[in-house]
Amino acid sequence: MTTADLNSPAVTGIRRLSALDTVRARIALAVELGLLAPGERLPSNAEIARALDVAEITVRRALESLAEDGVIERRRGRGGGTLVAEHPPVRRVREVGAYRASAAEVRELIDHRLVLESGLAQLAATRSPDVPRLRELVARMRDAAGWAEFHELDTEFHRAVAVPGPAAAVRQYEVVLRELHRFYLPYPMPKLRESNREHARLVDALEAGRPETAARVVRAHVGRLHETMFVGLE
């Protein structure tokens, strides 16, 4: 193994990547997995920055470099913007390797979230959750224009479900969400709309005071991440 191999993202992991490189990797990987389709328009730099929790200038520089790699393209004039290239190259962005190497960690985090969130949802059904607020968030996700806006609302929704639970468990849940957020990739809107229908079913269960139903909805909702998050990485 050479020095270059030891310094590669696939060995050192995503924690060694710069903020710019994480944006490059996440968008490139979403393109490789078909989550972002050829010709699909990306949200504004500001929206991407909020969704990926980085500075807007970092997004701008990352997109500029991805355009140089041929993953995306910039079009001027009416109908222009930043779009996924019609024929994006595969495995050109080397930083993606760090994410591919982290598949086992992602799956463990999903299981950790599943255990915590199922229990918190079950408790929430017995502890007067803020149902009007949850329904408002579901409605806003239903109207979200893109994945960046949806992701912000989705995170707020799941935190609101957890709030009635024991403080220690909520803190632990917050840590798991933050860890998973480092691996967040853009998802197609149809899949996000489908997940929001599950949000609505969860709110129904909470409002009706049905803890077992709430836990069952969450188990299906979070467990589905094993099928959709980083699909094809292993």
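Here, each number is a calculation from the coordinates, and none is a lab measurement. Computed from a prediction, not measured in an experiment: that's the story for all the values here. Positions of Cβ are generated from backbone atoms using ideal geometry, with glycine treated the same way; all protein chains shown enter the neighbour counts.
Site-free segments of the chain were taken between trypsin sites (Lys or Arg not before Pro) in DSSP loops having at most 16 other Cβ atoms within 10 Å, sites themselves excluded; the longest one is 128-223. Computing Rg and the Kirkwood Rh from the Cα coordinates of the chain gives a ratio, Rg/Rh, of 1.00.
Exposure proxy for I57, I110: other Cβ atoms within 10 Å of each Cβ, ordered fewest to most, give I57, I110. Could you tell me which of P190, L153, P166 has its Cα farthest along the dipole of region 141-195 towards the positive end, charges placed at Cβ (Lys, Arg +1; Asp, Glu -1), taken about the Cα centre? Among P190, L153, P166, the one farthest towards the positive end of the dipole of region 141-195 is P166. Can you give the angle from 0 to 90° between the axis of helix 19-32 and the longest principal axis of the chain, with both taken from C-alpha atoms, to the nearest 10? The angle comes out at about 90 degrees.
Over region 81-163, the ratio between the Cα radius of gyration and 2.2 N^0.38 Å evaluates to 1.51. The angle between the Cα long axis of helix 167-181 and the main principal axis of the chain comes to about 20°, on a 0 to 90 degree scale. Does region 102-228 come out rounded, prolate or oblate, given a ≥ b ≥ c as the square roots of the eigenvalues of its C-alpha gyration tensor, rounded meaning a/c under 1.5 and, failing that, prolate meaning a/b above b/c? Oblate is the answer for region 102-228, as a/c is 1.5 or above yet b/c matches or exceeds a/b. A DSSP coil position with no more than 10 other Cβ atoms inside 10 Å describes the following GluC sites (Glu not before Pro) in region 5-109: E86.
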